[in-house]
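No lab work stands behind these numbers, since they all come straight from the coordinates. This one's a predicted model, so the numbers in the text were calculated from it and none came from an experiment. Cβ coordinates were reconstructed from backbone atoms using ideal geometry, including for glycine residues, and neighbour counts include every protein chain displayed.
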Amino acid sequence: MRLRLPEERPKEPPTGYKIARLALSHDGARAGFTGISLGAALPYGTLDVAHCVYGRRHTAPHRRCDCGFHCVHERAAAQALLCTGGHRGAALLEVTVLGAYIRFERGFRYARQRVRSVTVRPCGCGARASVLADAGWGRPGWRVVEGACGGCAGRRASLRLAEFARLAGEGLTVTAARPDFVPGTPSEAMGVPELVAEAALLQARLDLFQGELARLSGEGAGEEKG
């Protein structure tokens with residue numbers, strides 16, 4: 001007897017998370033995405049249908065193939081993928097899973113998707129990204145772009161985040177992630193517990209400095225009396 005997986009018929013399309021590179025068509029008229037592994041050679045749009053990357057004629061996702069769009073259930077799991085060196089320039093995507101899908105322990109493999117929102121990582125210098133600048137590489141017909149601040153973007157070809165969203169269409173929203181650490185702005189980089197600990201450390205150093213200053217002042221006064 002052949003066992004079949006239970007079928008799901010949710011009232012609302014499932015939500016998933018993934019990471020991808022942002023891309024701009026060579027003529028600058030379209031914005032899209034390119035995957036980080038298996039589907040990297042096939043850029044896709046905000047609302048798109050998956051195709052078999054091996055060129056087979058079956059409909060994705062096929063049970064005997066690993067084709068189709070991929071995403072994970074949890075946002076934190078997708079964010080963790082951004083820690084690896086090869087994925088530092090990728091963006092975090094929130095997607096709606098459409099059409100047929102296969103559920104796994106950590107995510108979905110599915111036929112169609114709508115990218116709802118994009119979160120762009122901070123610039124390589126640590127500042128919040130204000131533009132998407134040419135990353136210096138791409139795919140045939142597509143240039144990969146990545147988050148950058150105005151200073152680091154320099155003379156590279158770039159566009160505003162809102163302009164990328166407009167070109168991508170389908171109501172996509174693009175936002176810049178808050179920097180994990182920005183030199184010179186401790187109030188944005190640290191929370192209340194960290195600031196309290198820093199203040200206590202500064203107070204301890206001040207007490208030590210005042211004690212040494214009092215000791216040196218006392219020794220100086222003793223030498224004058226002699």
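Placing unit charges on the Cβ atoms of the charged side chains and taking the dipole of the chain about its Cα centre, the candidate lying farthest along the positive direction among LEU206, ALA177, TYR54 is TYR54.
Working from the Cα coordinates of the stretch 84-129, the gyration tensor eigenvalues give, after taking √(5λ), semi-axes of 28, 13, 7 Å in decreasing order.
So, R0 is 30 Å and r is the distance between the beta-carbons of SER117 and THR59; what FRET efficiency does that work out to, to 0.05? So, using R0 = 30 Å, E works out to roughly 0.65. With respect to the chain, whose longest principal axis is taken over its alpha-carbon atoms, helix 192-225 is tilted by about 20°. With each label modelled as a point 7 angstrom along the Cα→C-beta vector, the THR173-PHE209 pair spans 4.5 nm. A cut-off of 5 Å between modelled amide H atoms, ignoring neighbours fewer than 5 places along the same chain, links GLY138 with VAL144. Each of the peptides 24-35, 150-161 was scored by the mean count of other Cβ atoms within 10 Å over its residues; in descending order, highest first, they stand as 24-35, 150-161.
Pairwise Cα separations in the stretch 1-61 fall into 10 Å bins from 0 onward with the following percentages, short to long: 16, 37, 32, 11, 3, 0.
Considering all C-alpha pairs of the chain, those separated by over 25 Å amount to 53%.
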